[in-house]
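As structure tokens, the structure follows; a few thoughts come after it.
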Amino acid sequence: MELCKDTSVKMNDGHGIPVVGFGTYAPDTVPKSKCEEAVKVAIEVGYRHIDGAYFYENEEEVGRAIREKIADGTVKREDIFYTGKLWSTFNAPEMVQSALKKSLKSLQFDYIDLYIIHTPLSLKAMEACKDAGLVKSIGVSNFNRRQLEMILNKPGLKYKPVCNQVECHPYLNQRKLLEFCKSKNIVLVAFSALGSHREERWVDQSTPLLLEDPVLNALAKKYSRSPALVALRYQLQRGVVVLAKSFTRKRIEDNFKVFDFQLTEEDMKAIDSLNQNLRYDLCQQ
């Protein structure tokens, strides 16, 4: 598949998901206004996939940023692919739709493009949200193969998950899970695709920093690109949708320059060899 800034992957329900997304999670130390401004910059740069969540506590700001770029003519609502997530406190089936409506109210949207769950407990209620037109697609996050099989084999399953959003980067390449997802026509979406910053409270301070890896830096020098771009391009060439986040204009712009070079097969194998099954997100271990 030829990769360009407008490339989307077709999901199993027919909707397309842009291959590069902009993450909106921010630590408590980052003002919400800074996140709002970053989303506007991302849209100006060309990002059309915005990844958010109720848990991030900034949906109001993210929604306002998107609406402002719609109002000034930069994009239309249908140009933006917005991902929301059901937080664990709303897993009870009777709470799912009200939680989604709460997010919609904060965003001031009529619908969400993709809604993700972390547990299969609320699957039926998620399907009802899709039937009600509140969300176009439903997916899952942090599911392993066994959990995916449990959903896929569930009697009466109405809508197969379109994606599985998981931590994925060269130190945790998720090769087996990616192969399984591809075999079931489920898109793998990578969060922490550039590793994680140590200031995030759940990151083990002893873990190596991905972007300091010698192999990534050697390839970055070879292509006159940053190690971050090499790590992102690696995922795209594997068929993985990537999420990148930053709160500075230059990095937001730089991370979107992933479409104008290509890694060789040997480069891909070299990055594959970096796998350590290392997780930065201790919450998922």
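List of remarks:
- Accessible area expressed per residue, the chain, with surrounding protein chains retained (probe 1.4 Å, Å²): 46 Å²
- Directionally averaged projected area (convex hull, Cα atoms, region 17-82), nm²: 4.1 nm²
- Quarter of the Cα convex hull surface for region 112-258, i.e. its orientation-mean projected area (nm²): 10.4 nm²
- Working note: Debye formula, equal point scatterers on the alpha-carbon atoms of the chain, no solvent; log10 I(q)/I(0) at q = 0.13, 0.14, 0.15, 0.16 Å⁻¹ is -0.88, -1.03, -1.20, -1.37.
- Fluctuation leader among L86, L263, L148 - the chain, Gaussian network, Cα springs under 10 angstrom: L263
- Computed [θ] at 222 nm, helices only, for the chain once each DSSP H run of length n ≥ 4 contributes -39500 (n - 2.57): -11000 deg cm²/dmol
- Here the accessible area of the chain is 49 percent carbon and sulfur, with a 1.4 angstrom probe and all protein chains present.
- Among L121, L236, L219, residue whose mean-square fluctuation peaks in a GNM of the chain (springs only between Cα atoms under 10 Å): L121
- What separates the Cα centres of region 202-262 and region 79-122 is a distance of 29 Å.
- Exceeding the 28 Å Cα-Cα cut-off - candidates K5/K184; K130/K257; K184/K250: K130/K257; K184/K250
- Convex hull volume of the Cα atoms of region 42-160, normalised per residue: 103 Å³.
- Antiparallel bridge percentage (DSSP; both residues within the chain; nearest 5): 15 percent
- Only beta bridges with both residues in region 1-115 are counted; by DSSP, about 25 percent of them are antiparallel.
- Considering only GluC sites (Glu not before Pro) in DSSP loops that have at most 16 other Cβ atoms within 10 Å, the longest stretch of the chain without any of them is 58-198.
- Among Q165, Q235, Q147, residue whose mean-square fluctuation peaks in a GNM of the chain (springs only between Cα atoms under 10 Å): Q147
The values are calculated or read from the model by the stated rules, or taken from the named source; none is laboratory data. Quick caveat, the model's predicted, so the values are computed rather than measured. Quick reminder, even Gly has a Cβ in these numbers, built from the backbone with ideal geometry, and neighbours come from all protein chains shown. All accessible areas refer to the heavy atoms of the entire protein, side chains included, with ligands and DNA or RNA removed. Shrake-Rupley method; radii C 1.70, N 1.55, O 1.52, S 1.80 Å.
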